[in-house]
Amino acid sequence: MHRLIRFSLLAVCLVPALAVAESGSASPTIEHHQLTLELLPDSHQLIATDRLTLAGGSPGQVWAFSLAPTLHVEHIQDVTHCHAPCETAPEVAFEREEASGRSEPQRVILKQPATGRGDGTVELKFSYRGVIDDPPRDPRHLRFVTPSETSGHIGPEGVYLSSESQWYPDLNGSLATYDVTVTLPDGWTAVTQGAPQSDPARWVVSSKSEALTVVANRFIVKARTWTAQSGQSIRLATYLFPDEASLADEYLDASARYLDAYIPLLGPYPFSQFAVVENFFSSGLGMPSFTLLGSAVIKRHYTQPYALGHEIVHSWIGNGVFNRIDRGNWVEGLTTYLSNYYYHELMGDEAQAREQRRLMLMGYAVYVRPGEEYPVIRFAQKHDEKDNAIGYQQSAMVFHALRQEIGEAAFWKALKQIPEQYLGRAAEWRDLERIFQDVAGRDLRWFFAQWVERAGAPEIELTRVWVQPSTGTSGETNTVEAMVHIAQHGVPYRIAVDLEFVLDGGRAHRARIHLTEAQQDVVVPLTERPLAVRLDPGLQVFRRVARNALAPMLNLYVTDAQRTVLLPRVSSEPPSPFTDIVQRIVAQEASKPGRSRTTVREPGNHTTDVPPGSLLVLGGPGENPAAADMLRDCGDHVRFGEKGFAVDGKAYEGPTMALLVSCRRDDQPGSVVTLLHGVTPQALGRVARLLFFYGWQSYVVFHEGAVVARGDWEDKMTAEVRIETR
């Protein structure tokens, strides 16, 4: 329960706290924040004043501002009709409704003063102070590249104040501009949104934003004024720690490259600056006009399209045009499509573009098990890999399907209209539907109902294919009759998909077919006899791929309904490099409600009875009795010797070599057997710590903990179907 604490600065009787807005009154919003902020890292303290301009209310209406529970409001003044410094402005009575927990904000409750301006606006000045001290924590799951968890922190190692910190008073639904001045100890620099002023402590945010994030540290700053090919002038900057300051030009050059790529697609860059800012904890976050990247990320040259490119696209999509989380998050899907995927098309790298489509289909097949799907429109934010597969990857493929449906010219014209129409405002899926429909000049309700509002994905399978010779007026021809079966529930999908016929000499012929039924016969005339056919060879259609059609990989073990870890004999040099792996798996299982999916078998419990599901074998044949039997499923792919191992005939020898290998179980094709082996325990130290980062390949070979080779066994996603003669 919340507890009310009353501050009787004026003899005003406030109505109960739950009566936040009078019936029929307008919802107030904050139009502008003028913040003066002093940060004391050594004591985790914040001392602040915030002069707020509010609109949309009515005199006497009750307002409830959110604020961090650790911050204490000293007084609130009505400064509507006075100019700074306003020492004599009348004070406003308020109540503080305490939060029930540290993660919830308090509510500061007051009545709107009756002294508003002619335009209905009111200015209030909050004076407050307190502690923001939630040290970043490592995430509680197996994934490696994930942000640390914190709601906000002021400390000697750095400052991070985001919307989750609730570090300034706010009203739900407000889109505001900001003017902020930050005082810090000598040697510290603050960075926030918008544009820095001649006074380096002051920043002005002239574009409306959902929230303000302030970070501070001991930065080395490098900036340049850059002119895009469009003629727009933009300040590019880096705020890096001294150890990484030499990387500044690499990040500045990459920022310019991506801005030049996306300005023609999305219109003028929405801000006057883009900055790359180094963070003191693990993060990869995009804010209006800057991105906040952890030190480990900065050191890895995080300039790829899915990395820095993704954050720059967010400048338009997410930080320029907002989305209403409660009505579906389309932002991450479109940003993923433009950066992680389309940039490769734009650069002419079709092989990598196809690989990105393949990874999107794989991500859905691995992490979204049948029966656990939900519609794209229900995605709000990512909590796990299933959310990522739906909200990022499936959603990205929705935009790919839309582009194919309405054509190139209409798609890119409509895309540019999103920031043109909604910059500084929120848009939802229905708004996007209207824009694309208007530009295409036809009804797209069926498309959004099918791909955005419907859970799941189509399953497409070639069930029968045969060739029947026939004779026409121009001589003998071959007619291929292909029956395509779509396995799905409910109303069939409307899908256009390619069939690729393999002809003599390796030549190919493609035909596009349009499917509207659960089972459909398709007749394709050919002038040559085909040998085989492939369904969707370019992986252009979003669909569910069966687990047994994927190349074997560690991630199939991670997501199997039944999993078993087969332990090796006790190492003669404890601690074993496998100990951490087992502890993380056990801890993850313990943190989830319901029945455990993982069984751990000690060496003495290995029997001829092979457990069902996927297996994780720790150690090679020399240290794990189960390894030799389990690896029979790998056939000739893997061989072990005294000094090392061989993968597909290539030898890797020496005490620094390690191998992660997965093979499909012959008796259970949807499951895998995965083995982790080091020639010596020392070869596994770094590999064991980062094991679950290497989940997408059939084999990964390591030398001194670094990857030296990787690849996949058979991938049946576009397998050929042989054609019979009828």
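The values are calculated or read from the model by the stated rules, or taken from the named source; none is laboratory data. Note that the coordinates shown come from a computational prediction; the quantities given were computed from them, not determined experimentally. Virtual Cβ from ideal backbone geometry, glycine too; neighbours counted across all protein chains shown. These area figures cover heavy atoms from the full protein model, side chains too; ligands, DNA and RNA do not enter into them. Shrake-Rupley method; radii C 1.70, N 1.55, O 1.52, S 1.80 Å.
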Counting Lys +1, Arg +1, Asp -1, Glu -1, what net charge surrounds ARG665 among other residues with beta carbon under 14 Å of its beta carbon? -2
Per-selection metrics, region 319-435 (Cα): Rg and Dmax in Å: 14.2, 39
Could you rank the peptides 357-366, 55-64, 286-295 by their average count of other C-beta atoms within 10 Å per residue, with the highest value first? 286-295, 357-366, 55-64
In what order, largest first, do TRP188, TRP696 sit by accessible area if the probe radius is 1.4 Å? TRP696, TRP188
So who's got an amide H within less than 5 Å of the one on THR213, skipping anything under 5 residues away but keeping other chains? H placed 1.01 Å off N, in plane. GLN193
How large, in percent, is the carbon and sulfur part of the accessible surface of region 145-213 at a probe radius of 1.4 Å? 47
Using only the alpha carbons of region 58-201, determine the length spanned along each of the three principal axes and report them from longest to shortest in whole angstroms. 56, 42, 25
Whole number please: convex hull volume per residue, Cα atoms of region 194-283, in Å³. 124
Alpha carbon centroid spacing (whole Å) that separates region 290-319 from region 41-120: 35
Expressed as a percent, the accessible surface of region 612-701 that is carbon or sulfur, using a 1.4 Å probe and the full set of protein chains, is 51
Please compute the modelled spin-label separation between SER230 and ALA587, points set 7 Å along Cα→Cβ, answer in nm with one decimal. 4.6
Quick one: 3J(HN,Hα) in Hz for region 436-441, Karplus 6.51/-1.76/1.60 with θ = phi - 60°, rounded, Gly and Pro as x. 5, 5, 5, 5, 6, x
Which of the listed residues, TYR374, SER162, LEU499, is farthest toward the dipole's positive end in the chain, when Lys, Arg count +1 and Asp, Glu count -1 at the beta-carbon? LEU499
Where does each of ASP170, ASP349 land when they are ordered by accessible area, with a 1.4 Å probe and the largest first? ASP349, ASP170
With all protein chains present, calculate the accessible area of HIS301 using a 1.4 Å probe and round the result to the nearest 10 Å². 80
Highest average packing first - 500-508, 391-399, Cβ atoms within 10 Å: 391-399, 500-508
Relative to a virtual label point 7 Å from the Cα of ARG597 in the Cα→beta-carbon direction, which members of region 359-402 show backbone nitrogen distances below 16 Å? 363-374, 383-390
What whole-number distance in Å separates the alpha-carbon centres of region 148-222 and region 656-704? 43
Taking every DSSP beta bridge with both residues inside region 216-299, roughly what % is antiparallel (nearest 5)? 55
Quick check on my link table: of LYS208/LYS416; LYS208/LYS386; LYS382/LYS716, which ones sit more than 22 Å apart, alpha carbon to alpha carbon? LYS208/LYS386; LYS382/LYS716
Would you please put 709-722, 304-317 in order of how densely packed they are, using the mean number of other Cβ atoms within 10 angstrom per residue and starting with the highest? 304-317, 709-722
Contour minus end-to-end for GLU87 and TRP466, with contour as 0.36 nm per residue of separation and end-to-end as the Cα-Cα distance? 127.5 nm
Measuring with a 1.4 Å probe in the full set of protein chains, what accessible area per residue, in whole Å², belongs to region 298-357? 34
Got a sec? Which residues in region 148-189 would a label at SER198 touch, if it sits 7 Å along Cα→Cβ and we count backbone N under 18 Å? 180-182
For region 246-329, what % of the accessible area comes from carbon and sulfur atoms, probe 1.4 Å? 53
Take every DSSP beta bridge whose two residues both sit in the chain, then give the antiparallel share in percent to the nearest 5. 80
Taking the chain and counting helices only, DSSP H stretches of n ≥ 4 at -39,500 (n - 2.57) each over all residues, the nearest-500 ellipticity at 222 nm comes to -5000 deg cm²/dmol
How large, in Å, is the chain by the Kirkwood hydrodynamic radius built from its alpha-carbon pairs? 29.3
